[in-house]
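The values are calculated or read from the model by the stated rules, or taken from the named source; none is laboratory data. All values reported here derive from a predicted model rather than from experimental measurement. Glycine gets a Cβ as well: all are built from the backbone with ideal geometry, and neighbour counts include every protein chain shown. Surface accessibility is based on the protein's heavy atoms, side chains included, excluding ligands, DNA and RNA. Shrake-Rupley method; radii C 1.70, N 1.55, O 1.52, S 1.80 Å.
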Amino acid sequence: MTTALALLTAAVADLAGAPKEGLGEQRDSRWRGRRIVRVGEAWHLGALLLTDTHALATAEVLRAADPGRRGYTAESARERAERRAEALRGGFDEGEVVHVGWSVIDVDAVDAGRSSGPLALVDGVPSVRWSAAGGFMPLEAYLRERVALLRDGAAG
């Protein structure tokens with residue numbers, strides 16, 4: 001049986017040289033205000049983020065941007081624009097993709113038969129729930145497809 005750890009480790013090796021995206025965390029300060037600061041970078045593979053040492057569950061994805069002066073028809077649009085501005089204030093470059101609210105996946109727990117984030121052992125096969133509404137699919141096939149997409153996108 002192939003473990004989730006072995007599959008993720010192989011994926012990281014296959015991703016060497018592929019583009020990464022920023023990992024951010026929200027910080028609040030009396031002097032600097034609310035902002036999203038860089039805490040690392042990862043390869044974005046759909047429901048997963050991979051760093052050199054960890055697997056993370058994807059959460060909020062945004063692009064750093066100046067909110068400018070716009071009229072918003074929805075409060076949610078105003079909030080989203082403010083989140084993009086927080087990333088810009090935190091040091092991300094204009095247009096840079098930022099992942100916020102991600103969580104570390106306990107890969108050892110998955111290999112022991114428990115679930116963590118979008119990963120679980122399903123009938124003894126490491127699997128990933130690729131969307132909140134989707135079912136599980138084998139992690140090996142998921143990683144093969146996502147790594148190829150990321151590498152092909154970087155080549156083009």
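When 12, 39 are screened for being assigned to a strand (DSSP E or B), open to solvent by less than 70 Å² (accessible area, probe 1.4 Å) and modelled with pLDDT of 95 or more, only 39 passes. For first residues located in the range 128-156 and at pLDDT below 95, partners that are open to solvent by less than 50 Å² (accessible area, probe 1.4 Å) and assigned to a helix (DSSP H, G or I) and lie 6+ apart or on another chain with Cβ distances below 7 Å form the pairs 130/142. Scan the range 18-36 for residues that are in a strand (DSSP E or B) and either of a type in the set (Ser, Thr, Tyr) or open to solvent by 50 Å² or more (accessible area, probe 1.4 Å) (or both) and the total you get is 7. One residue stands out in the range 68-121 among those that are within 18 Å of the chain's Cα centre (by Cα) and basic (Lys, Arg): the one that is farthest from residue 22 (Cα to Cα), namely 80. Here the condition is being modelled with pLDDT of 95 or more, surrounded by 15 or more Cβ atoms within 10 Å (Cβ to Cβ) and in contact with a Phe, Trp or Tyr (Cβ under 7 Å, 6 or more places away or on another chain); of 98, 107, it holds for 98 alone. Return a yes/no flag: does the range 63-85 have any residue that is touching a residue at least 40 places away in the same chain (Cβ under 8 Å), open to solvent by 50 Å² or more (accessible area, probe 1.4 Å) and either touching a helix residue (DSSP H, G or I) at 6+ places or on another chain (Cβ under 8 Å) or of a type in the set (Ser, Thr, Tyr) (or both). Taking every residue of the range 63-85 in turn, none turns out to be touching a residue at least 40 places away in the same chain (Cβ under 8 Å), open to solvent by 50 Å² or more (accessible area, probe 1.4 Å) and either touching a helix residue (DSSP H, G or I) at 6+ places or on another chain (Cβ under 8 Å) or of a type in the set (Ser, Thr, Tyr) (or both).
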